[in-house]
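The values are calculated or read from the model by the stated rules, or taken from the named source; none is laboratory data. Quantities reported herein were computed from a predicted structural model and do not represent experimental measurements. No Cβ is skipped: glycine too gets one built from the backbone with ideal geometry, and neighbour counts run over all protein chains shown.
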Amino acid sequence: MIETNNPKIDVNVLMQKVQEEVVKRRDFNPVEIAISSMNTITTTSISQAEAQLSVAETFSEVPTKFPDKFNFLFAVFKPLQKLVLKVYGFLFKKQRVVNSSLAQALRISLDINQRLSQQVSTLQMQLNKLADRVDSIDRQTADISISADERLSIVDSRLAATDERFSAVDGHFSTMDSRFTTLDQKLSSTHEYYVRNENYIKDDLTQQKRLITLFLEEARRRLPEPFEQEQLQVFENEGKHQLDAFYVAFEDYFRGSYQDISNRLKVYLPVLEHAKLDTSNFPILDIGCGRGEWLELLQKSGYAAKGLDINRVMLDRCRSKGLEVIEADALVHLKSLPAQSLSAVTGFHIIEHLPLVELITLFQEILRVLKSDGLIIMETPNPQNVLVGSNNFYMDPTHLNPLPSPLAKFMLENAGYQAVEIMNLNAYADSFKVSGSEIANRFNDYFYGPQDYAVIGYKP
């Protein structure tokens with residue numbers, strides 16, 4: 001056999017190496033095999049394996065002659081030598097095929113190992129480079145970390161300084177805001193003051209112009225003759241309106257804004273609704289309608305109503321809102337109306353301006369012109385409130401006498417009204433009141449109780 005003739009080639013050893021290689025490839029991870037091969041395969045071992053493979057490939061071929069030491073046996077019979085070689089080749093044909101296959105397998109395995117060795121070498125170089133880069137990055141990271149900490153410390157200190165500056169600026173802004181608020185309040189107050197004065201001046205000039213025009217017209221008509229008594233009476237009547245603009249300005253300043261009064265008067269709407277008034281045939285008459293807050297509220301609520309006043313400035317304001325008003329004295333106008341022609345008569349802060357006789361007469365005339373179940377509402381300051389009775393009532397120089405609510409109720413009942421009641425209104429806010437004992441409660445009632453009241457009655 002070949003392996004016996006050539007002791008340098010041991011097929012069993014080669015097969016064992018192949019099997020070991022197969023087991024290694026089967027049991028280990030490719031990356032681990034590459035690293036292990038890198039550590040075990042050297043250039044010398046690869047060269048030895050290639051030499052052995054070359055010998056194995058040589059002896060796997062069909063022999064064409066015997067070795068020189070056997071030539072003497074066939075020196076005479078050369079044909080016999082060829083026959084023996086053919087027989088020998090035939091007998092060991094399969095063995096040669098096996099040897100050739102093994103040699104080729106080992107060659108392929110050697111090539112694979114060489115490639116793997118090269119790849120592992122390349123991978124190792126890359127890993128070394130990567131390790132170097134990682135080390136460099138770690139060093140840079142450490143430097144950056146130190147630098148970042150220092151920078152963060154600087155940034156924190158700057159932020160703290162900035163925060164202090166913002167706090168100071170915020171304090172300045174708060175101070176400026178309070179100053180602007182104060183200035184805005186002053187401007188609002190000044191604006192309101194000038195608006196009131198402007199309205200007063202306009203109204204007063206209108207009245208003065210009206211009086212001057214009237215005087216000049218009458219003068220042209222009568223000159224050179226002296227004025228008659230009738231003309232002098234006209235002048236006297238016109239003189240009564242000299243304070244119209246003043247009183248309107250007074251109302252705007254002391255009584256409250258138009259909207260405030262309108263909101264206060266809404267408390268009477270349920271009273272009208274409960275009375276079920278028929279204003280389509282029997283309208284409501286508001287005596288002393290003033291700026292028209294109540295008339296406008298009645299109009300928006302669907303009631304037919306007329307206003308009555310002698311202040312021409314106030315009447316002009318009402319007409320500018322589209323309200324129906326009449327310039328006339330209350331008693332004179334009531335006496336001109338037929339009996340049972342009105343469903344309700346109202347008057348807000350009117351009765352305290354009248355002398356006793358006129359007040360009683362007013363109640364009697366109202367009762368006459370009201371239809372059956374007609375309604376009367378009269379609101380007036382409440383003198384039971386000490387602040388009102390001792391001070392606020394006399395703020396209006398045209399007020400005559402305060403009327404306590406029991407007196408007003410008695411006067412209506414004595415005039416012939418029924419179901420007369422008192423409605424207390426407009427108490428001070430709770431913030432004015434003190435808390436404590438029973439004496440504190442009485443104090444609150446007398447000083448911070450209702451500032452106004454209304455006396456309400458019905459015609460039988």
(Q) Could you check the stretch 418-447 and list, in sequence order, the residues that are surrounded by 12 or more Cβ atoms within 10 Å (Cβ to Cβ) and touching a residue at least 40 places away in the same chain (Cβ under 8 Å)? (A) MET423, ASN424, LEU425, ASN426, TYR446, PHE447
Q) Do you know which residues across the stretch 286-327 are in contact with a helix residue (DSSP H, G or I) (Cβ under 9 Å, 6 or more places away or on another chain), among the hydroxyl-bearing types (Ser, Thr, Tyr) and either under 20 Å from ASP260 (Cα atoms) or at pLDDT below 95 (or both)? A) SER301
Q: Output the residues belonging to the stretch 262-285 that are touching a helix residue (DSSP H, G or I) at 6+ places or on another chain (Cβ under 6 Å) and closer than 14 Å to ALA454 by Cβ.
A: LEU265
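For GLU421, are the conditions met, namely being assigned to a strand (DSSP E or B) and within 25 Å of GLU273 (Cβ to Cβ)?
Details: assigned to a strand (DSSP E or B): yes; within 25 Å of GLU273 (Cβ to Cβ): yes.
Answer is yes for this residue.
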Q. Is it the case that VAL267 is under 46 Å from the mean Cα position of the chain (by Cα) and more than 23 Å from PHE363 (Cβ to Cβ)?
A. no
Q | Among (1) in a helix (DSSP H, G or I); (2) under 24 Å from VAL357 (Cβ atoms); (3) among the hydrophobic types (A, V, I, L, M, F, W, C), the one test that LEU387 misses | A | (2)
Q) Among the residues of the stretch 138-145, is there at least one that is surrounded by 10 or more Cβ atoms within 10 Å (Cβ to Cβ), acidic (Asp, Glu) and modelled with pLDDT under 75? A) yes
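For the stretch 395-417, which positions are under 49 Å from the mean Cα position of the chain (by Cα) and surrounded by fewer than 15 Cβ atoms within 10 Å (Cβ to Cβ)? Outline the logic, then answer.
Of the stretch 395-417, the ones under 49 Å from the mean Cα position of the chain (by Cα) are 395-396.
Passing the criteria: only MET395.
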Q | Pairs with Cβ under 9 Å, 6+ apart, first in the stretch 334-355 and over 19 Å from ASN392 (Cβ atoms), second among the hydroxyl-bearing types (Ser, Thr, Tyr) and in a loop (DSSP other than H, G, I, E, B) | A | SER343/THR279; SER343/TYR303; ALA344/THR279; ALA344/TYR303
Q: Evaluate the following for GLU273: is it over 13 Å from THR346 (Cβ atoms), crowded, with 17+ Cβ neighbours inside 10 Å and over 38 Å from the mean Cα position of the chain (by Cα)?
A: no
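Restricting to the stretch 332-378, count the residues that are part of a strand (DSSP E or B) and not acidic (Asp, Glu). I'd like the intermediate steps shown before the answer.
Keep residues of the stretch 332-378 that are part of a strand (DSSP E or B), which gives 342-348, 370-378.
Add one more test, that the residue is not acidic (Asp, Glu), and what stays is 342-348, 370-372, 374-378.
Total satisfying the criteria: 15.
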Q: Answer yes or no as to whether ILE310 is of a type outside the set (Lys, Arg), under 24 Å from HIS274 (Cβ atoms) and surrounded by 14 or more Cβ atoms within 10 Å (Cβ to Cβ).
A: no
